[in-house]
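Below you'll find the structure, written out as structure tokens, and then a few comments.
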Amino acid sequence: MISHRYKKAFLSIRMMLGCMIVVFISCNSSVQKEIKVTKGVSEELAASRKQQIKEVLYTLSFDIPKEQEKPIHAHLQLEVDISDVAIPLILDFEEKRKMLQSLSVNGKPVTIRHQNGHLIIEASYLVAGKNSIAIDFTAGELSLNRNKDYLYTLLVPDRARTLFPCFDQPNIKAAYQLTINAPKDWKVICGAPLERTEEKGNHIRYEFGTTAKISSYLFSFVVGAFQQEVQNPGIFDMTMLYRETDTVKIKSSIPKIFDLHQQSIDFLQKYTAYPFPYSKMDFATIPGFQYGGMEHVGAIQYRESILFMDSTATLNQQLRRGKLIAHETAHMWFGDLVTMKWFDDVWMKEVFANFMADKIMNPVYPSINHELSFLADHYPAAYSEDRTRGATPIRQKLPNLKDAGTLYGQIIYHKSPIMMRQLETAMGTSAFQEGIQEYIQTYAHDNADWNQLVQILDEKTPLDMKQWSNVWVHQSGRPVYTDQLIYDDKEKIVSYTITQQAEDATDKIWPQQFEIALVYPDSIATLAITSTQKDTRIDQVQGWPKPQAVLYNTDGYGYGVFPIDVTRLQLIHKLPKAVSRGASYINMYEAVLSGTIDAAKAIQFFIKALHQEKEPLLIRILTGNIRSLFWKYLPVSQQAKVVELIEPTVYRLLQSNIGSAIKKPLFGLYSAIAYTPAGKDRLYKIWNKEVVIDQLLLNKDDITNLAMQLAVFEHEKQEIILQKTQEGLKNPDKKKRFTFLLPALSSDVQVRDAFFESFKEVSNREKESWVQTAVRLIHHPLRQEEAVKHLDVSLSLVEEIQQTGDIFFPKSWLNNTIGQYSSEAAYKKLSHFLQSKPEFSPVLKNKLLQATDALYRVQKLHKKSISQ
């Protein structure tokens, strides 16, 4: 008992220590090191545990009730070998203390000590060597993703600790044995083969075997009312769980899905010279899944809408599915088999997954221009972050795993494959592949960091890998290239120099290779350029006649901002290679953002290019550029005038004989900008099937999206459109999603306002992909005068969203709210927020600066326009 006179003092001390626990870690027999056990998993704690423990086995059981609201009771039997028993054993469990019911250590009941998201077991209870720890607990809900009739775990990057007590760091690999008690009409998959089942009343007990040693973020299970398909496409049976109900999509998609997995395995086994590392390869498709996919060992999870297709799918949509499957399969080697030591190298698993996915799909879809596909997939996305004031290096520092989710973004997914292709080109493909094979063999079922890979690659190339890596991997930003051509009085080239300067005005130099094209009236001369210093002299062109234009990065290999002659834009169409024109369109878009080209003029040029191009990937680049420039970089006063010109032009193009592969992305542009009376009428007639455009293949999902677009455009029949669309949805998951989105589609501002305000409650943000769509609709450019008032709330929620949401949610929240704005009113709100929050998380500030790059640039461009 504590007397009343001391109780207040005791509580005061407890509050001061509530955010910090100090334990003493012995470094040797006479010296002790003080460790601060704070929220999350610090790098210091992780390093200490890596030295203290090994041979970890988690035996877990979960009792899954059919009722979503009921708690999930669980039990953990943890076996661990401890080398240092002079210090406490610290597990991670980011849940309330009441979720822990009992704890025993080596057969003895122990008082539970749980603080700051950690379960601390005093050294006095431990023994040198094997220890057994038993814990009864209630499973944490944050990463359990519970729905009415299914659930799935999603524990990347540090969310295993929100589900069960564990050592939640990537470099403590452990084996898992799982038992699930689930309703007997539900299906279950996890990372190990099923060994036995036992029916118990209305439930079935599923006992699975022991997994290979894996990192905690790769442990998973999926449980629920799924359909099941088992096929053997090559080396073993694979099980697929799915909820799709469209029989046409099911019949046309499932065989291809299994086949793509097997083709990916076959390629990777050959490329890495290492056999498939695990005992199984199952997967589940999940409606509204947060990501495209997640590479859980033995139980990959996918977003269902990406995998299931019908005859309306374009070849590029099929390629997207193929690359997603190849990406997640590649992770079995890159990320799962060889895992980064710490999440500052999370980019390593993603770069190889994307890089290998591109290679895997080349022979699968031989009719696709894969050089152009690489350009279209990676360059605009990488530039979208690397050009901003929030640009980050590929490899970032990470003091605590609780912030690991903020490392994800376009830099690691898209700049890093560009970097890796430059490295492969510089090393040579054979030497590069040999290095990767050695890396896989050396660190299989273990952990490695970037420096260890650099050491391997350094032995296989004369390239100075450390110097090369320093700028490409450890520095942010892009080079900006300028040129100087000097001619004599006969208009012959006297000298030609290309200069690179870092966009942020530092002295960084990016060693890289790219191609340039000198355009003449009757020919085009191409040159391979190696840029390894500030100034690169192109001596081989001395004495050549003056070209009509010089076009840059015509092979699509170079990375940066390249010169573009605004008086010679029409010559882009003379380039014979599609990748050359694609790179030029991207260069042109970047020129608009830097103020070299007017947005309206660029849109006019891109519209003209739509009439000339026949390559679907180029249409994708062009339509993406037009949409972005129209909604973000055109002043509102110009939008109405421009749309009146381009809406009928694009519609006429849709009616021409250009092929279905081009019409699908072209219709995406049309439906995004056709808010004129004539445009809305045409869209309505297409939605209502009064007008059928030849070769425009639209499926049920496309029609649903069109109904939503008509609501945003405030078509006079929008209520009827939405009602009929809702009634026509037969898939229960899609119907739930549409019903959820209805308030965001409402013509009543007050309804939309109340819906946005509801997202202050974390429980209303659980379906993250749905929420992303909802806020994008609420903050659509046509609604921003009414929605701008919500930006204060939107910005104030970001830190909480980072704590409660999954890894991509903070950035997508920002992209779909303030990231859609270009107005001065929004800019003032952003400026006020940053000025009033000097303590705002630096990593989240980077995300905010990335999302609002257009907002900053537009203010600058408008000021420049006014001054002129």
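The values are calculated or read from the model by the stated rules, or taken from the named source; none is laboratory data. Because the structure is a prediction, the values reported are computed rather than measured. Note that each Cβ is placed from the backbone with ideal geometry, even for glycine, and that neighbours are counted across all protein chains shown.
Pairs meeting the criteria (first residue in segment 358-372 and under 19 Å from residue 582 (Cβ atoms), second residue of a type in the set (Val, Ile, Thr), beta carbons under 9 Å, at least 6 apart or on different chains) are 361/368; 362/368; 369/579; 371/579; 372/579; 372/621. Confirm whether residue 610 is buried (at least 19 other Cβ atoms within 10 Å of the Cβ), modelled with pLDDT under 95 and farther than 28 Å from residue 419 by Cα. So residue 610 fails the test. Across segment 163-176, not a single residue is classified as surrounded by fewer than 24 Cβ atoms within 10 Å (Cβ to Cβ), in contact with a Gly (Cβ under 7 Å, 6 or more places away or on another chain) and farther than 15 Å from residue 296 by Cβ.
When you check residue 754 against the structure, is it among the small types (Gly, Ala, Ser), surrounded by fewer than 22 Cβ atoms within 10 Å (Cβ to Cβ) and closer than 17 Å to residue 848 by Cα, yes or no? No.
Counting only strands (runs of 3 or more DSSP E) wholly contained in segment 53-145, the ones carrying 2 or more residues that are among the hydroxyl-bearing types (Ser, Thr, Tyr) occupy 53-63, 100-105, 129-138.
Can you report the number of residues in segment 640-658 which are small (Gly, Ala, Ser) and farther than 20 Å from residue 314 by Cβ?
Qualifying residue count for the region: 1.
Within segment 594-613, the residues that satisfy the criterion of being in contact with a helix residue (DSSP H, G or I) (Cβ under 8 Å, 6 or more places away or on another chain) and within 22 Å of residue 388 (Cβ to Cβ) are 595, 596, 597, 598, 599, 602. Checking the stated criteria, residue 714 turns out to be modelled with pLDDT of 95 or more and loosely packed, with under 15 Cβ neighbours inside 10 Å. Filtering segment 180-202 to residues that are within 15 Å of residue 150 (Cβ to Cβ) and of a type in the set (Gly, Ala, Ser) leaves only 182. Candidates in segment 507-532 are the residues that are of a type in the set (S, T, N, Q) and loosely packed, with under 13 Cβ neighbours inside 10 Å; of these, the one that is farthest from residue 423 (Cα to Cα) is 523.
Of the set (1) buried (at least 20 other Cβ atoms within 10 Å of the Cβ); (2) touching a residue at least 60 places away in the same chain (Cβ under 8 Å); (3) under 16 Å from the mean Cα position of the chain (by Cα), all apply to residue 293 but (2).
Here 82, 64, 87 are screened, and the one residue that is buried (at least 17 other Cβ atoms within 10 Å of the Cβ) and under 32 Å from the mean Cα position of the chain (by Cα) is 64.
Note on segment 819-838: among residues that are surrounded by 18 or more Cβ atoms within 10 Å (Cβ to Cβ) and of a type in the set (S, T, N, Q), the one that is nearest to residue 599 (Cα to Cα) is 822.
Residue-by-condition table, conditions (1) touching a Lys or Arg at 6+ places or on another chain (Cβ under 6 Å); (2) at pLDDT 95 or above:
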site	(1), (2)
253	no, yes
262	no, yes
279	no, no
289	yes, yes
299	no, yes
303	no, yes
311	no, no
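The condition of being in a helix (DSSP H, G or I), of a type in the set (Gly, Ala, Ser) and within 17 Å of residue 851 (Cα to Cα) holds for only one of 769, 763, 794, that being 794. In segment 823-830 there is at least one residue that is over 24 Å from residue 403 (Cα atoms), at pLDDT 95 or above and under 27 Å from the mean Cα position of the chain (by Cα). Residues in segment 793-818 that are buried (at least 21 other Cβ atoms within 10 Å of the Cβ) and in contact with a Pro (Cβ under 9 Å, 6 or more places away or on another chain) were compared, and the one that is nearest to residue 411 (Cα to Cα) is 807.
For segment 383-433, filtered to residues that are of a type in the set (Val, Ile, Thr) and either in contact with a strand residue (DSSP E or B) (Cβ under 9 Å, 6 or more places away or on another chain) or part of a helix (DSSP H, G or I) (or both), the residue that is surrounded by the fewest Cβ atoms within 10 Å (Cβ to Cβ) is 429. Within segment 148-162, restricting attention to residues that are out of contact with any strand residue (DSSP E or B) (no Cβ under 7 Å at 6 or more places or on another chain) and over 11 Å from residue 806 (Cα atoms), which residue is surrounded by the fewest Cβ atoms within 10 Å (Cβ to Cβ)? Checking each candidate, the answer is 148. When segment 591-629 is filtered for residues that are of a type outside the set (D, E, K, R), under 19 Å from residue 573 (Cβ atoms) and not in a helix (DSSP H, G or I), only 597 remains. Here is a check on your reading of the model: is residue 605 under 26 Å from the mean Cα position of the chain (by Cα) and at pLDDT 95 or above? Considered against the rule, which asks whether it is under 26 Å from the mean Cα position of the chain (by Cα) and at pLDDT 95 or above, residue 605 comes out as no. Against the numbered list (1) surrounded by fewer than 20 Cβ atoms within 10 Å (Cβ to Cβ); (2) more than 25 Å from residue 852 (Cα to Cα); (3) without any contact (Cβ under 8 Å) to a residue 60 or more places away in the chain, residue 667 comes up short only at (1).
Remark: pairs (first residue in segment 790-808, over 26 Å from residue 828 (Cα atoms); second residue of a type in the set (S, T, N, Q); Cβ separation under 6 Å; 6+ apart in sequence or on different chains) = 806/290.
Any idea which of 618, 645 is outside the structural domain of residue 384 (by TED's automatic domain parsing), closer than 30 Å to residue 365 by Cα and among the hydrophobic types (A, V, I, L, M, F, W, C)?
Values: 645 fails: closer than 30 Å to residue 365 by Cα.
Sole residue among the options that is outside the structural domain of residue 384 (by TED's automatic domain parsing), closer than 30 Å to residue 365 by Cα and among the hydrophobic types (A, V, I, L, M, F, W, C): 618.
Against the test of being among the β-branched types (Val, Ile, Thr) and either outside the structural domain of residue 148 (by TED's automatic domain parsing) or in contact with a Phe, Trp or Tyr (Cβ under 6 Å, 6 or more places away or on another chain) (or both), the options 214, 265 yield a single qualifying residue, 265.
Tell me which residues, restricted to segment 299-328, are outside any helix (DSSP H, G or I) and out of contact with any strand residue (DSSP E or B) (no Cβ under 6 Å at 6 or more places or on another chain). Can you show your working first?
Step one: filter segment 299-328 for residues outside any helix (DSSP H, G or I), giving 299-303, 308-314.
Those that are outside any helix (DSSP H, G or I) and out of contact with any strand residue (DSSP E or B) (no Cβ under 6 Å at 6 or more places or on another chain): 303, 308, 309, 310, 311, 312, 313, 314.
Checked against the criterion of being surrounded by 14 or more Cβ atoms within 10 Å (Cβ to Cβ) and of a type in the set (Gly, Ala, Ser), segment 533-545 has no qualifying residue.
In segment 401-421, the qualifying residues are those that are of a type in the set (S, T, N, Q) and at pLDDT 95 or above, and the one that is farthest from residue 159 (Cα to Cα) is 416.
Going by the structure shown, is residue 494 in contact with a strand residue (DSSP E or B) (Cβ under 8 Å, 6 or more places away or on another chain) and either closer than 24 Å to residue 596 by Cα or assigned to a loop (DSSP other than H, G, I, E, B) (or both)? Criteria not met by residue 494.
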